[in-house]
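The values are calculated or read from the model by the stated rules, or taken from the named source; none is laboratory data. Model, not experiment: these values are computed from the prediction. Positions of Cβ are backbone-derived with ideal geometry, glycine not excepted, and every protein chain shown enters the neighbour counts.
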Amino acid sequence: MYMAFMKVPHFSKVCRVNVLQGVPKSSFLTEEKRARLKTNPVKVHFAEEVLVSGHSQGNSLLCMPNVLKVYLENGQTKAFKFEAHTTVKDIILTVKEKLSIRSMEYFALALEEQYNISRLHLLHEEELIQQVVQREESHDYRCLFRVCFVPKDPLDLLKEDPIAFEYLYLQSCSDVLQERFAVEMKCSSALRLAALHIQERIYACAQPQKISLKYIEKDWGIENFISPTLLRNMKGKDIKKAISFHMKRNQNLLEPRQKVM
C-alpha cells in the first residue's frame, strides 16, 4: 500500500470547497451508529450532508460564520459549529465519535496549502479554532482530517481498528490520485491500487461484482481511480486490460471489504 508523509511546521492555516458529486455515502456511518450517537452527544455540533457553494466573507475555512469546513478522505465535506472555547481536539473527538474510530493516535487535523497540496501543516490539539480561522492567510488553506502518523504495520491496524484502516486506505488512494507527494510511482502498483479501489467502490455501492469497466468509465469516471500522469502515459485499452487482470486476481485473493496489497 502506498503511503507517504512529511515533516511539517508546528502550526498553520486553511480551506476552500469542492464537494465531489456522485460519490457514494461512506460506509462508516450506519443507522445503528447514528442512533447511538443521539444518546451520547459530543461537544461540537456536527452538521451532516452540508454542501458548500461559496465562502464566508472570503474565509476558505468557513461555510458560514462560526462553522468550520473539514474535508474527510472518503470524499465528503463536513461542517462543525464552533464557539470561542472550541479546540482542535474537540473537532477531532467529534469526528472520532461519528466515524467510530478507536485508534485516534494516528489522526490529526492538517491544513493543506491551496496551491501546493504536498505541503501540510499540523494543528496542535489545544489550539483554538477561533484563532485558526482568524489568521490572515486562512483563505489559502483548507482543513483536512487525516492519518498523519502512519502505523509501523498497517496490517496490525486492520486487526485493531478496521475502520481506521479503511480510512488510511481511502487516504492513500486519494494521495495517489492527486499525486500529493510524488508524481511517479510504479505503474503496476498504481494499476493494482486502482483495481482494488474500484472493487471497494463496487462493494460500497452494492453493485454486481461482475460490473463492466465500460459502466465504471461512463458512470464513475476512470479518472477517479487512475492518476493524471498514468492516464497521459498509457493507452486506454492497456489501462482497462491491466485493471481487469488485477480485479480478477484480487477477487481470488481477498475476502469482501478486506484491502491488502
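Before moving on, here are some points about what is shown:
- Number of residues in the stretch 106-117 that are at pLDDT 95 or above and more than 16 Å from the chain's Cα centre (by Cα) equals 0.
Residues checked against (1) in contact with a strand residue (DSSP E or B) (Cβ under 8 Å, 6 or more places away or on another chain); (2) at pLDDT 85 or above; (3) surrounded by fewer than 17 Cβ atoms within 10 Å (Cβ to Cβ):
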site	(1), (2), (3)
173	no, yes, no
187	no, no, yes
192	no, yes, no
197	no, yes, no
201	no, no, no
215	no, no, yes
221	no, no, yes
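- Only listed residue being in a strand (DSSP E or B), modelled with pLDDT under 85 and surrounded by 16 or more Cβ atoms within 10 Å (Cβ to Cβ), chosen from 46, 80: 46
- Considering each residue of the stretch 150-168 in turn, none proves to be loosely packed, with under 13 Cβ neighbours inside 10 Å, under 30 Å from residue 122 (Cβ atoms) and in contact with an Asp or Glu (Cβ under 9 Å, 6 or more places away or on another chain).
- Cross-chain or 6+ apart pairs with Cβ under 6 Å, the stretch 85-96 first and within 19 Å of residue 131 (Cα to Cα), then outside any helix (DSSP H, G or I) and among the charged types (D, E, K, R): 87/126; 88/125; 88/127; 89/125; 90/43
- Note on the stretch 133-160: residues that are of a type in the set (S, T, N, Q) and at pLDDT 95 or above amount to 0.
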